[in-house]
1. Against the empirical 2.2 N^0.38 Å scaling, what ratio does the C-alpha Rg of the stretch 261-349 come to?
2. Using only helices, what value at 222 nm comes out for the chain when you add -39,500 (n - 2.57) per DSSP H run of length 4 or more and divide by the total residues, to the nearest 500 deg cm²/dmol?
3. In this model, which of Lys108/Lys198; Lys108/Lys142; Lys72/Lys108; Lys110/Lys277; Lys117/Lys456 are farther than 32 Å apart at the alpha-carbon?
4. Calculate how steeply helix 207-218 sits against the longest principal axis of the alpha-carbon atoms of the chain, using the helix alpha-carbon long axis, and give the answer as 0 to 90 degrees to the nearest 10.
5. Using a probe of 1.4 angstrom, how much of the accessible area of the stretch 213-304 is carbon and sulfur, in percent?
6. Round to a whole angstrom and tell me the spacing of the C-alpha centers of the stretch 65-86 and the stretch 277-297.
7. Straight-line reach from Lys423: which aspartates and glutamates fall under 19 Å, measuring Cα to Cα and dropping same-chain residues less than 8 apart?
8. Once a ≥ b ≥ c are taken as the square roots of the eigenvalues of the Cα gyration tensor of the stretch 358-467, is the result rounded (a/c under 1.5), prolate (a/b larger than b/c) or oblate (a/b not larger than b/c)?
Amino acid sequence: MSSNPIAIRSPPTQLAVSISISPKTGSLTREHLRHNSLGTLPNVRQPKVLHPIENEDLRILLLENISSDAVKTFEANGWRVDHHVKAMNEDDLVQRIGQYHAIGIRSKTKITERVIKAASKLLVIGCFCIGVNQVDLVTAGKAGIPVFNSPFSNSRSVAELVLSEIIALARQYFERGFELRQGIWNKQSKGCWEIRGKTLGIIGYGHIGSQLSVLAEAFGMRVLFHDVVNLMPLGSARQVESLSSLLSTSDFVTIHVPELPETMNMISGIQLAQMKKGSYLINNARGTVVDIPALIEAMKSGHIAGAAIDVFPHEPGANGAPFDDQLNPWASELRALKNVILTPHIGGSTEEAQRMIGEEVAGALTRYLNFGSTVGAVNFPEVDLRAITAEQPDHVRICHVHINQPGVLRQVNEVLSPYNVEKQYSDSKGDVAYLMADIADVGPQDVNRLREMISKTSANILTRLLA
């Protein structure tokens, strides 16, 4: 990785801060106790508006129809936003990424090592979704580029979809509705069940799994879950030690795990055979965690009564593209099965989820670009400092990304020794470390010299100065 810094110039940003004090108690209300890099301080100590020393317009590329709320957030800062409905392939990104300082994507766009190497100005990546496996996180980190995502915002939407699929599979009304659209009246109760009193097995008891647990119990279901760590159950849910124990006792099994080498085909022929005869499988997690050819065979044999699948190993790049055997060799066979619900990766596709994702990720990117905060980054040390106030006009914030090796702080502090270092914090993650420091009594003539000296230190990856 080259040690040359990436020079970034952006226009001044605007920051609106409001505060209210209770007339009865004279104290701040709860809303204003929230304090982060944006700062929520009394009017006497408003955060100073920070912006990069150089003033080239900041440009942001948003792909895959990211929420308009995110666009408004960026434009409110005076940044130029190019908003596209569709994803871009690697070749298109390589051609265009060099002019952008930030990029926002969802699940279809791939940020590869080749793309990152072409991104000469790129400062930050925003994944407007839960997953980040579409980004080369290691290469991004080594290039000094933090990656942010939204791990919570669509949890409720996914949980509700799963619950609806449980009922649809149990009642077979997906099949009955399709038959009626074909002009066939087929009223029957055989093989149709209430979900009250049935056992739901949840694999992965994170944000989605735990919310689903609560919803399922409200419907009278018994909930078991399996996770690689010990977790406190919500309600009457119970954790089981082994996956096989969960599979053999559950009427419905739903998967909520990340895409990792350990989760690849975690539900295959052996695990499907361990499931109860006549049970149901639901996958709204990642397309690689279920061995779909094995699932097809289990359904053809009658061992598995139904399935709902929202994610696939290979998915079309745009709406209207075919979902066929060229994409996945078993696609036509899967589509022909009875009591199988197939949806086009819509687990988080609700107005509410996309609005919250837009707000969350856009906020994270804005805090990093304006204040240097990396809290919430998935591939980067999480570092933050309290805000510089408006009463500190001669203060400069240094944001220094460097190789994690001995002696770096000594070199940087030697550069800073003529100044008053008011705040400083450093952390590391793997091969990458990140230092933030606020220094006082910095004159305009000192700024370029400071940046040049820090950028020339032996472990430098990227140095930004905000003032």
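1. The reported ratio for this selection is 1.05.
2. -8500 deg cm²/dmol
3. Going by Cα-Cα distance, Lys108/Lys198; Lys110/Lys277 fall outside the 32 Å limit.
4. Here the helix axis deviates by roughly 40 degrees.
5. 58
6. 37
7. Glu382, Asp384, Glu391, Asp394, Glu414, Asp438, Asp441, Asp446
8. In terms of gyration-tensor shape, oblate.
The values are calculated or read from the model by the stated rules, or taken from the named source; none is laboratory data. Everything numeric in this text was worked out from a predicted model, so none of it was measured. Note: areas computed on protein heavy atoms with side chains; ligands, DNA, RNA excluded. Shrake-Rupley method; radii C 1.70, N 1.55, O 1.52, S 1.80 Å.
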